[in-house]
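To start, the structure under review is shown below, and the notes come after it.
The values are calculated or read from the model by the stated rules, or taken from the named source; none is laboratory data. None of these values were measured; they are calculated from a predicted model. A quick note on method: Cβ atoms are made from the backbone with ideal geometry, for glycine too, and the neighbour counts reach across all protein chains shown. Areas reflect the complete protein model, heavy atoms only, side chains present, ligands, DNA and RNA absent. Shrake-Rupley method; radii C 1.70, N 1.55, O 1.52, S 1.80 Å.
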Amino acid sequence: MRTPEAARVDPSPATETDPPLLTADGVTRWYGHRLGCRDVAFMLWPGEVLGIVGESGSGKTTLLDCLSGRLSPTAGHVVYRGEDGDAVDIFALPESRRRLLQRTEWGIVRQNPRDGLRMGVSAGANIGERLMAAGWRHYGDIRGSADEWLQRVEIDGDRIDDRPVTFSGGMQQRLQIARNLVTRPRLVFMDEPTGGLDVSVQARLLDLLRGLVAEFGLAAVIVTHDLAVVRLLAHRLMVMQGGAVVESGLTDQVLDDPQHPYTQLLVSSVLQA
Amino acid sequence: MTDAPAMIAVEELDKTFTLHVQGGARIPVLSDLSFTVSAGECVALTGPSGAGKSTLLRLIYGNYKAQGGRILVRHDGAMVDIASASPRTMLAVRARTLGYVSQFLRVVPRVPSIEIVAEPLIRLGTAREAARDRAASVLQRLNVPERLWTIAPATFSGGEQQRINIASALVSERPILLLDEPTASLDAANRAVVISLIRDATARGAAIVGIFHDRDVRAAVADREFAVPEVRRAA
């Protein structure tokens, strides 16, 4: 029994035809004979948060490193549409351009804040450094912006001259987020942003991230093994096993009605609190 | 009423759960199911528990995946097939067209209830102040005490959480509403408020599909009933 409307199904409504921000196509990475990730393809649009889940060794971090230009794929392409509107294959760019992107239009939040911060300089300098890389020169503006961002990530302004070694793990992670977001990037890559933090500290960080993502219309790719994190932050989800994407879709659909045996195992293995 | 355009057209829908972690057991829930809902119409799903009423609502919302058939909903003037829509299209359909009230509120840590209710409007481009004003008026109508507006609903009672849920689904006046037991944890006074909100929604042309176990609520809001047929389970 078909309705008259049946002939007029519109697969891609006009409002959803704007170009993607990031396109991965056949992204594959081998480490010698060992597979990192294989044939990963997806598109990400401005304002979308994509979660990538899977157990340790499933290839999530390898994929994230390829997407963020820090690791060359063995095969495949990663295409980014920059602020200037040009779509570029990031691995066809000269190293200097790729580094500039990483410091300005992109943010990269590492699991261990020690890898993403400069531990020997002050909190203010950690934030200011990104601004200087983006061309800021006026000391007062830089310090003012650093102070504003410390407040945004709920770090007391009077800690601005303290070095991050004196901060707790949660504060260090919030500082790393401030350092990454201060240049208003369009795309942020996060690797286990809440890993290694206490549960109460995690909730605060998640809430902060959720607010910032919504406020700035950020696009983000978040790798995690924590399904609660993606349920809260990610619009879409990819599930990886053995280097390949085995299932993808809307986050709540993948978690509530998983189709692939591995996804079902992953979802059913979570302890209910 | 028959001249009103179809807002939802479900065609030959099949839903079977395959439990891979339990030896691949197959549980058929819906089979060859078809029904339509027009603008301004409220349809109550009926049938014994386990018949698949909630499953059907979740399929229309795109929370569950169909094994066969189509789920057409009118979105921005054209019919979109939820069963095959891309995640990106689904996000747009949910933002502008489909509202869903589940039986349980998924609480976001630390976000105050008024922000939760205002969020759907802000996402559609309403200014923060105007969105909060609109959220406040819906919360007021649902008798949520003002002292709770600035608190995250994690500690609220079941009835209070349910009203936050209803408020956030109704605040942006989406053209299709899916309601799963919206009055289950409410007292008589608040039940009456929800009934009047549902009637307001159909009066402005919204299409509503709901599960209402309370016979009085069902009689007050539903234009007709649709009995979800029970699928014979394979042994």
Checklist line | Of all DSSP beta bridges in chain A, antiparallel share, percent nearest 5 | finding: 55
Next item on the list: Report, ordered by chain and residue number, the lysines lying within cross-link reach of residue B:53, taken as a straight Cα distance under 21 Å and ignoring same-chain residues fewer than 8 apart.
Entry: B:15, B:65
Check: Considering every pair of different Cα atoms, what Kirkwood radius, in Å, is found for the stretch A:119-184?
Finding: 11.4
Item checked: Accessible surface of the stretch A:222-269, 1.4 Å probe, proportion on carbon and sulfur as whole % -> 54
Note to self: Need one number: % antiparallel among DSSP beta bridges in chain B, to the nearest 5.
What the structure shows: 55
Note to self: Residue by residue through B:72-78, how many Cβ atoms from other chains fall within 10 Å of the Cβ on average?
What the structure shows: 4
Checklist line | Where labels lie 7 Å past Cα in the beta-carbon direction, separation of residue A:30 and residue A:260 in nm | finding: 2.2
Check: Mean separation of Cα pairs under 8 Å and 6+ residues apart, divided by the residue count of chain A: what relative contact order is that in percent?
Finding: 24
Note to self: Counting C-alpha atoms alone, how compact is the stretch A:127-252: give Rg to one decimal and Dmax as a whole number, in angstrom.
What the structure shows: 16.0, 50
Next item on the list: Would you work out if the stretch B:46-130 is rounded, prolate or oblate? Take a ≥ b ≥ c from the square roots of the eigenvalues of the alpha-carbon gyration tensor; rounded if a/c is under 1.5, else prolate when a/b is larger than b/c, oblate otherwise.
Entry: oblate
Checklist line | Label-point separation in nm, residue B:49 to residue A:136, each point 7 Å along Cα→Cβ | finding: 5.7
Notebook entry, point to check: With Cβ to Cβ distances under 13 Å as the rule, what net charge do the other residues near residue A:113 carry (K, R +1; D, E -1)?
Noted result: +3
Margin query: Quick check on packing: order B:27-34, A:173-180 by the mean number of other C-beta atoms within 10 Å, highest mean leading.
Written below: A:173-180, B:27-34
Notebook entry, point to check: Hey, rough spin-label estimate for residue B:27 and residue B:76, points 7 angstrom out along Cα→Cβ, what's it come to in nanometres?
Noted result: 3.7
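How many square angstrom of accessible surface are buried between A and B, both sides summed, with a 1.4 Å probe and rounding to 100? Please list the in-between numbers first.
On the way: alone 13820 and 11710 Å², together 22170 Å².
Summing both sides, the interface buries roughly 3400 Å².
Could you calculate the FRET efficiency of residue A:56 with residue A:118 from 1/(1 + (r/R0)^6), where r is the beta carbon distance between them and R0 is 41 Å, rounded to 0.05? Provide the component values of the computation, followed by the final result.
Numbers: r = 28 Å, r/R0 = 0.68.
Efficiency computed from Cβ-Cβ geometry: 0.90.
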Note to self: Need one word for the stretch A:31-90: rounded, prolate or oblate. Basis is the Cα gyration tensor (sqrt eigenvalues a ≥ b ≥ c); a/c below 1.5 gives rounded, then a/b vs b/c decides.
What the structure shows: oblate
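Can you work out the accessible area per residue across the stretch A:119-184, with the rest of the protein chains kept in place, probe 1.4 Å, in square angstrom?
Heavy-atom SASA per residue in the stretch A:119-184 reads 44 Å².
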Next item on the list: Within 10 Å, count the other beta carbons around each residue, average over each peptide in B:143-153, B:179-189, A:131-141, and list them highest first.
Entry: B:179-189, B:143-153, A:131-141
Checklist line | Averaged over B:83-96, number of beta-carbon atoms from partner chains that fall within 10 Å | finding: 5
Next item on the list: Would you kindly work out the equivalent ellipsoid of the protein assembly as shown from its C-alpha gyration tensor and give its semi-axes, the square roots of five times the eigenvalues, largest first in whole Å?
Entry: 42, 28, 21
Check: Where in the stretch B:106-145 does the label zone of residue B:188 land, with the point 7 angstrom along Cα→C-beta and an amide N cut-off under 20 Å?
Finding: B:142-144
Next item on the list: Once every Cα of chain B carries one equal point scatterer and solvent is ignored, give the base-10 log of I(q)/I(0) from the Debye formula at q = 0.10, 0.12 Å⁻¹, two decimals.
Entry: -0.47, -0.68
Item checked: For the stretch A:52-101 versus the stretch B:6-69, the gap between their alpha-carbon centres in whole angstrom -> 40
Notebook entry, point to check: If we count every other residue with Cβ under 13 angstrom of residue B:187's Cβ, Lys/Arg +1 and Asp/Glu -1, where does the sum land?
Noted result: 0
Margin query: Counting only other residues whose beta carbon sits under 14 Å from that of residue A:40, what net charge do I get with K and R as +1, D and E as -1?
Written below: 0
Notebook entry, point to check: On alpha-carbon atoms, Rg over Rh for the stretch B:164-235 using Kirkwood Rh?
Noted result: 1.03
Notebook entry, point to check: Across peptide A:194-201, how many C-beta atoms of other chains are within 10 Å of each residue C-beta, on average?
Noted result: 0
Note to self: Compute the distance from the alpha-carbon center of the stretch A:177-233 to that of the stretch B:135-173, in whole Å.
What the structure shows: 27
Notebook entry, point to check: With no solvent and one point per C-alpha, what does the Debye sum give as log10 I(q)/I(0) for chain A at q = 0.14 Å⁻¹?
Noted result: -1.03
Check: How much mean residue ellipticity at 222 nm does chain A get from its helices, if each DSSP H run of length 4 or more adds -39500 (n - 2.57) and you divide by all residues, to the nearest 500 deg cm²/dmol?
Finding: -10500 deg cm²/dmol
Notebook entry, point to check: What fraction of the Cα pairs in the stretch B:105-172, stated in percent, has a spacing above 21 angstrom?
Noted result: 12
Item checked: DSSP bridge orientation in the protein assembly as shown - percent antiparallel, rounded to nearest 5 -> 55
